[in-house]
Every structure is written in C-alpha cells, then in structure tokens.
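One structure is given here, and the rest of the page talks about it.
Each reported figure results from applying straightforward, stated rules to the coordinates on display, with no laboratory input. These numbers were taken from a predicted model, which means no experiment stands behind them. Ideal geometry is used to build each Cβ from the backbone, glycine not excepted, and the neighbour counts take in all protein chains shown.
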Amino acid sequence: MNFGKIDKKWQKIWETKKNYKTIDKTKSKKNFMLLVEFPYPSGDLHIGHWYAYAVPDILARYLKMKGNNVMYPIGFDAFGLPAENAAIKRKINPAVWTENNIKFMTKQLKSMGASFDWSRVISTIDHQYYKWTQWIFLKMYQKGLAYRAKTMVNWCPNCKTVLANEQVIAGLCERCDSEVIQKEFEQWMFRITDYADRLIDDIKDLDWPQTTKLAQKNWIGRSEGVIVKFDVKCQMLNVKCPSIEVFTTRLDTIFGCTYLVLAPERVSALIQNSEFKIQNSGEVENYINQTKKKTELQRLEIDKEKTGVKLEGIKAINPFDKEEVPIFVADYVLGHYGTGAVMAVPAHDERDFEFAKKYNLPIKEVIIPDVIDKKNPPVPGKKTVERRNVHAIVRNPQNNKFLCLKSKKFLWTTFPMGGIEENEDVVSAARREVEEETGYKNLKLIKVLGGKVRAEYFAKHKDENMIAHTTAVLFDLINEEKSEIDKEWEESHEIMWIGEHKLNYNTMVHAEMDIWEKRLKGDETAYADDGALVDSGQFTNLKSSEARVKMVQWLKKNNFGNSKKIFKLHDWVLSRQRYWGVPIPIIKCDNCGYVPVPEKDLPIKLPPLKDFLPTEEGKSPLAKAKNWVNVKCPKCKNPAQRETDTMDTFVDSSWYFMRYTDPKNKKVFADKKKMKLWLPVPMYIGGAEHNTMHLLYSRFFTKVLYDLKLVHFNEPFIGRKNHGIILGTDGQKMSKSRGNVVDPDKEVKKFGADTVRMYLAFAGPYEQGGPWNPGGMLGIRRFLERAYKLKSKISSGKISNKNLEVLLHQAIKKVSEDIENFRFNTAISALMILLNEIEKQSQLSIVNYQLFLKLLSPFAPHLSEEIWSNLGNKKNIHLEKWPEYNPKLIKKENFELIIQINGKLRDKISVESGISQKEAENIALNQEKIKNFIGGKTVKKIIFVPEKLINIVI
RNA sequence: GCUCGGGUGGCGGAACGGUUUACGCAGAGGACUUAAAAUCCUUGCCCUUAAUUGGGUUGUGGGUUCGAAUCCCACCCCGAGCACCA
C-alpha cells in the first residue's frame, strides 16, 4: 500500500475543498480556538514540531466531529537573532532568509495533514502585522507603561556590542570568546511590575498545570515584608547621617540584628556622599571594583565564600533597642532586590550566620523554637504555669547508649530532667538532676545543646498546662559510680540505657525531641524558622507571627518604617540593539524629547540594510540607515532622529493569538466582535520552556489591552497544556552534535504521515514526551495496514454481533474520554484492542466498520478518508458526527470474579454481571480450590466489591 | 540548597485503593514458502515444584488497610526549573 500517495491525494482534496477554513459562526456558541505555539522559521521542521502540531490535531479533529466550530490556526514568529546571524554568515538578507524558510516550512507543515486553517496564517514580519505591534506599543507609551531607564546589559568589550542572553555562553561572547561584562545603558522598558499583583492574583482562576502556575508565582516572587529605617551616626563628627532603609520579612528577629549589610551597588553612592565620612573609603572602593569585575558566572557560583568590608567610622542604630551596630558592604546582598540593604541577623539567617562566623561578629539569639506537644496538647481551662527546665542527655561512650528514665506510673520515657532553680546555671542544674534521679555523678560536660526551646504541653502528673523553656545539656558518662537516690523515686522509675536510633519522639515523651535529635546530629546552623521571641524587649514571649504585626505597628507609630510588598519580577527590558526586529515607533527630537510616531504613519517599516554589524558603541545597526533615521519631528518639524532600537521578539508573540481572529484587518488589530467569538483561548498547547516568559508577557499584554477597553477578556488563555519533549533513541535531547536527530521528512517518506502522527501520540503520555523508538513505528504501520485489510471481512448482509457491539461502545467511550484528557496513547491502545477483536470475527458489518473508521479518523486522517471513500461515501469522514456510545451497551453480560483470600489472588471465575454479595459468596466458597485454601479455618470477614472481586479473610 | 515532576518486564508504557505488567516493540517457538521477506498463530518477570504447585516482585525501609504500584512517613536515585530574593 502506498501511504505517500494517499497522503498527497487527500491533502490536495482538503485544500481545494477548503475543508479546514474556519468561518466566524455568530449563532453557534461552540466556537473553539485550539491554539498551539507558532514556530520560529528556523529553516527545517524537526520531530518536535510534529509532536507540537500533529498530535494536538487529533484533538482538533475530534472537537470538530463533536460539533464544535474549531479554529486550528498557525503562523510564524519570524523576527529574531538567528536570521541576523545567518545574514552575517551567508551574506543574504534576513528577510529573504526568513521568507524562504517560511515557504519551506509551510510545505513541511502541510505534510502533517493537520487541520490548520491556512487562510488565517500570520507572520510577525509582515508589516501589516507589526504595524499593530507598534500601535500597541504606542498605546502603552501613552499610558506610561513604556518608558526609558538605565539598566545593565551584556556587553562584549571586544566586539563593542550589546549581546542577547543567548549570545553569552558560559560568560563569554559567542563570537570572539572574550569575557562579557555588565554595562549600563538606557533602554526601553515595559512597566510589567505595575501588574505584578494582578498577574499573581489571577493565576488561581486559570485551568493550567500546577507546575506552570507555581513557576509564574515564584517568578513574580511577591514577598510581603517591612522597610525599616536605621539611623546612621558618623562617629568622628558625632553627627547624624542620612539613614539607611532595609527590607526584611523577618521583623520579629530585629533584636538579633548585629550588623547591617549594603550591596556594593548601593555603597558607591554613599561614598560620594560627604556626610558619611567613611574612614576606609579606599579599601571599600577597592572591594566594589573587585565585585564589579566578577563575571556573572563567578557571582552565581554556589558555595562561594562570602566576602565583605566594614565601613569604618559609621554605625547604624537599631530603632528598637537603640543598639549601635557596624555596617558592611558585601556582595552577598543583591543590589536590585528590595532596598539593596539588609539587617543581618546571624542567629536566624543562614547567610548572615556564615558571614558572621567568618568575620567573628556577634550572634544573638532572639527566636527560640516553639513547639506544641501533639501527644499531650494543652488542655483548655486548666491553669498554665511557666518554668525554666533542663534536660540532661547523658551518653555512655562505651556503647553509645543514652540514659533514660521510664516512669512506671505514666509509662513515659524521659531524660533526667527538672526545673532550674534561681541562681543556678543550666549545667549545674543538669548535673544535679542526673544525680538526684539516677545516682550517676561522674559526668563530663560535652556541650550545651544550643539555645532554649519553648514547649507547650499538658503535665498530667500536675494537672496543669506547662509552658517550658528548656535547655538541653549533653554529657558523657565517666564511670558507673553512683550516689544513693530517693527510695520512693527509685521504686516508681526504671533506669534504662537506649540506643541512638531509638532516641526520637516516638519513644521519648519530650515535645522538644525532634529539635534535640537535629542538634545531636547536626552542625551548627542558624535557626531560620518561626518561633517564640526572647530577649526582645516588650515583644518578648510573643510568637513570630504576632510579633511581626505588633512590631510593624510600633514602627509606623515611631516613624521608623512601614510594611511593603516586594517583587522579584523586574520591569521588562524590551529594546534590542538589533536589526531584525520591529522598529520602536519613537522619534527623538532635541526640542521635544521622545515623540511618538503619529498613528497614521504606521507601520514604520524596517529599512533595507546591507551591513548588520553594529559600529557605534551600544547602537543598533539601524543607526546606519541614515536616510531612514533622519526625519522631521512630528511636533515641531525640526530635524530629528528615529529610535534605532528594535523590539524584543516576545513583544511580537504577546498578542498574536488575537490577530488569528481577524488576520487581515487594516483598521484595527482585530475586530472586537470577532474577538468575542473566539477569545479568550480555551486551550493553549505548548512547551514548558514558556512557563515564565511568553505566557507571562501575553497575560500582561492582555491585561493592559483590557484596561484600555480594547479587549473584553483579562486573561488570554483559560486552559493550558504543556507537551513533553521527544528525545533521541539514546534518551538524550536531540542535537546535531550528538547525531541523534530524527528527520521527520524521511520518516514520513518511509511510513506515511499517519504512522508518524500516530506513533508520536502512542509513544507515551503527551505531557511527558519520551525517546524516539524506530521499532514502535513498525507497530503502528502494521496496525494501519490491518485496519485497511478489514475490508475483506465486510459482509453486505445484516449480522448481529452483540459481543462486538459491546466492545465498540466501550471503545467509543474510552477513546472519547482519553482524547479529551490528552491520553492519546491509551486511546490508541483501545483502538488496537478493538481491532484485535474485530479480526477474530469472521464477518464485519459495514456499519461497524464505519464506526471503527470514525474513531480512527482523528489519529490517521488520510487512511481513514481513503477507506471511507472506498466504501462508497461521498462526504469527507471528518464532516461526520462523532459516534455516541450507548450506556446500556457497554455493560458486559459476564465478568470475571476475582476470588482473594487475605487479599491474595486464589481463583478467578466467570459469573453473571450484577450478582449480589450472597451469590458471589456461595460461588466462591464452593470452589474446590478455595475450600482447600480455607482448610478448616473460620472465615472472619468477607469483602465484596461489586462487578470485581470477593476477598475472604481467614 | 529550594521548588516541582518521576523511579513498574529486555524497551516505550498500562493500571493510580482490588488480577502488577493492558497495548505496542524487541525475543523465542511454530505455520505458510524451494528459500527469504512479509503475514499469521503460540509464548512471555524471578525462585520453587511432579504440577499454571507454592512463594516473591512496582527504587529502599517503615506505617495505615481485609487488601498498597496507588494513601502516609523517612531515605536513595534520575529529570526539569529557580538559585545568596533577606
């Protein structure tokens, strides 16, 4: 059978009949745009494109047959760097290169046999498209959402050019391998941070994968904290200097602040400020210059040792306790986050802890772990007492066992423990308790096991609630020598030594046990969790969360700060110093400043250019098109210049889906009525790599256009599915260097489009992707050939085949549900099972064959069309209605009853559907096998799962 | 380091509280054929047994349950994203 011929035949018929041209149905409510991410025209379709477009086509065709008015659009995201690189390398025009690629890829895309609506195809380099990209930019400019600001960019000092992130490879310039540095330039920005709150809050309404939602949340990175003002004192002049503001989410730890840290970027300005009088400004400047020289790579290095320099001569004053603390500059603090300054609390922050250890700075504990005993929680209404406690943890170094006491009355296992008396230190208290309770008196102090722990529990033996502040002390036993102990105590307690592995909250009654365990094992670290406050003035004893609320109130009242929301998300730098992009429609005039191009002059077309290499420092190659650059100012008519930067390609793709609804409109970017028919997009399928960029930018654009009342929806994509990646046969990512790239054209030539489509759908769950397995193709090909051969079984007469009918209807149900849930692999397996069964029959009615073909048609559109028309049908199979299953027909008459004994399979037996537990019991208990298994034992219990199994418990 | 996925035959995977391994690939045996390919049929983890007898088995170890691949806890490994975000 010649699959290739069949493919071409039907692709041609579909095209001439315009089968997949979508019309705007106004009456039908079932308009459905199935959106897939449009490709970059890199020149060659790879297997990933097939996965991204041919597999969702199954869903598109299914939805269409289900009665929806489906639009399955496609286009090209055609601006971008590779075209420019190709132009430089091959000395051809990027437009020519790109357009050739589009032509070639269009041909390749058509070979998939997908139901794309080619009448709506768009391309972002089409000036009728980018006219509207420019128009939207101007709208944003007018709203103040597009602005200019200085920002750091990748700069190659050798090529004297700005580099995109993709052009920086391991910190080096892609072209000349010199070290890339960060340089400040003025750039066009979008104020996406204005929308940060809405972008985060509206996520919850989206039917998106959890991972994508989380990725966006983390990317936006909202954190609610406090700005605290620290006054600064210059010691030499004894005068007040400008204060320093820090950002913190842990205001509750402020009494533990022992120094302040400023990011290097912040300090440059400070040194210039004469009011500060930093005594070691030379050393400080030196440090700042060093950090500047560090490449991006070194800065990101993990486990990098922290460095910093103290600013001599000035001190910061903690607003709460008026404590004077030193100020450091250190590059472990980020300049672009928060205020670029932090209060360091080494006791409760890992990074500060590490820094304080290195530079020998004081570590002051102000938060202690706060636990509520799950096993003995406080009883409401009982008296509550507070006390200081000590736990003595005594280890016998001979056998590494620990000394415990078991109360015979309460069945508790505890360490020797008790209250600390007044004027007694913890270690002596611990020694005393050990001696009193166990008699052991020769102990070697190892260490006090960290700070106090606050625990709330109900003390049964005293009938009161206890709030205990407990310190643990670790000893080694020197020898077995004992003093005499209290008789009564001795009788009611058992002394025992238990192994380390049993030292946990299951065995021991102490609520603090988890913390002791960690401290016994672990290295010293900061305690960074919430807890209860100690040594914190009027806030002592509060819990972290309560303290934060009260302390902000205090700050506000005393004018030392306020709460503040901070985002990780930065404003979007949209300008690129590149040729192959949309020109930014702005004119720079010496008199009027930045003047937007009047709407009537749009689009500002990209001028033809021969040389794409930038010459002037930091200028776009467009600056070389002198005739194009020099214009009259639209306002004052004096000579002026065009903006020469172009836009980030993410701008182009932030609104493309809107254009699909009205791709040829010359008056607006898309007609509102048409958008109402199709948008927002109910399902958008694409790669997980767009989780944070493209998807976020599209949401931002949509919200802006919504606020401008230009669109009626404020979220662009209601549903979203991420597809997996097809790997090489070796399970590695496909790449030319690995030589594991699969060429779809070759596969199509060998097996036909249907086989390739279906194989990809069958390989695994769509979200997961998986390795390419050439053998798997054979299986699908065989399946399709067998489906074709079924025609030899056709009988013209009526045949009733109840059994087959049940299977058919089960398959309708399964295939429909699986397609809707993107489980194409199991849908195909259901079709295979069905085919296996049909083959077992000697005859097949034409009705049943046609039913089977309809189920197959979304997966193998060409072949099913071919057979369908061979059967004498004039209309296309894809215009047929999707079959409905009959719920009455999917029930089998018999089923296999599983008989278990104690949950283990012992027998299976075919029984009538719908039998009762009684009947099932009778059958099961009378099986010879089962009788043998039960022997003489009594049946304790019988569990019956209707239509499935019976479990006999003996 | 943090977050999110995921560990099931020789392989891709199915089952997501109830028969572990559906469906497909590869393998083995057979039929057809002068022969091969294609096609069709049979088979399908490990140990054990006279026996399709019995036992084991879903990364490891525990727990919940009549019953766990599935739920809970701890650990190990693989992948992806973020990465000193105070």
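Some notes on this structure:
- The stretch A:759-791 versus the stretch A:625-680: alpha-carbon centroid distance in Å: 44
- Qualifying trypsin sites (Lys or Arg not before Pro) for the stretch A:41-116 [loop in DSSP, other Cβ within 10 Å: at most 15]: A:Lys91
- Anisotropy class of the stretch A:114-156 from Cα gyration tensor, a/c 1.5 cut: oblate
- Per-bin percent of Cα-Cα distances, the stretch A:58-150 [5 Å]: 3, 11, 14, 15, 15, 14, 13, 9, 5, 2, 0
- Averaged over residues, the count of other Cβ atoms within 10 Å places the peptides A:841-851, A:463-473 in the sequence A:463-473, A:841-851, highest first.
- On a per residue basis, the convex hull of the C-alpha atoms belonging to the stretch A:358-431 measures out at 217 Å³.
- Our Cα-only numbers for the stretch A:846-954 put the radius of gyration and Dmax at 23.0, 70 Å.
- Sum of -39500 (n - 2.57) over DSSP H runs of 4+, divided by residues of chain A (222 nm, nearest 500): -10000 deg cm²/dmol
- Cross-linked pairs A:Lys217/A:Lys292; A:Lys17/A:Lys793; A:Lys789/A:Lys854; A:Lys27/A:Lys674; A:Lys107/A:Lys746; A:Lys382/A:Lys550: Cα-Cα separations exceed 20 Å for A:Lys217/A:Lys292; A:Lys17/A:Lys793; A:Lys382/A:Lys550.
- From the Kirkwood radius over Cα pairs of the stretch A:402-488, Stokes-Einstein at 4 °C and 1.567 mPa s returns a whole-number translational diffusion coefficient of 91 µm²/s.
- Label-to-label distance, A:Ser243 versus A:Lys30, with points set 7 angstrom from Cα along the beta-carbon direction: 6.6 nm.
- In sequence order, the stretch A:404-409 has phi-based couplings of 9, 10, 10, 6, 6, 7 Hz under the Karplus curve 6.51 cos²θ - 1.76 cosθ + 1.60, θ = phi - 60°, and Gly or Pro positions carry x.
- Averaging 1/r over each pair of different alpha-carbon atoms in the stretch A:263-415 and inverting the result gives 20.3 Å, the Kirkwood hydrodynamic radius.
- Chain A: Cα Rg divided by the 2.2 N^0.38 Å rule of thumb: 1.25
- Estimated inter-spin distance, A:Lys543 and A:Lys888, nm [label 7 Å along Cα→Cβ]: 6.1
- In the distance distribution for the stretch A:1-89, Cα-Cα pairs more than 18 Å apart total 62 percent.
- Sparsely packed loop sites in the stretch A:39-134 (the chymotrypsin sites (Phe, Trp or Tyr not before Pro) outside DSSP H, G, I, E and B with at most 15 other Cβ atoms within 10 Å) do not occur.
- Sequence-distant residues sharing a close amide H with A:Phe475 (under 5 Å, placed H): A:Ile393, A:Val394, A:Arg395, A:Ile446
- Added length on full extension, which subtracts the Cα-Cα distance from 0.36 nm per residue, A:Lys204 to A:Thr106: 31.5 nm
- Considered as an equivalent ellipsoid built on the Cα gyration tensor, the stretch A:498-652 has semi-axes of 65, 25, 12 Å, the largest given first.
- Spatial offset of the stretch A:27-61 relative to the stretch A:829-898 amounts to 26 Å, using the alpha carbon center of each.
- Evaluated on the stretch A:701-805, the Kirkwood hydrodynamic radius is 18.0 Å, with distances taken between all distinct Cα atoms.
- Between A:Ser735 and A:Gln235, the simple spin-label model (points 7 angstrom out along Cα→Cβ) gives 5.4 nm.
- Three principal axis lengths of the stretch A:47-206 [C-alpha, angstrom, descending]: 58, 45, 32
- Its residue count N fixes a reference of 2.2 N^0.38 Å for the stretch A:537-598, and the Cα radius of gyration divided by that reference is 2.30.
- For the stretch A:392-397, 3J(HN,Hα) per residue [Karplus equation, 6.51 cos²θ - 1.76 cosθ + 1.60, θ = phi - 60°, Hz, x = Gly/Pro]: 9, 9, 10, 10, 8, x
- Between the C-alpha center of the stretch A:121-140 and that of the stretch A:393-425 there is a gap of 76 Å.
- Chain A - share of DSSP beta bridges that are antiparallel (%, nearest 5): 70
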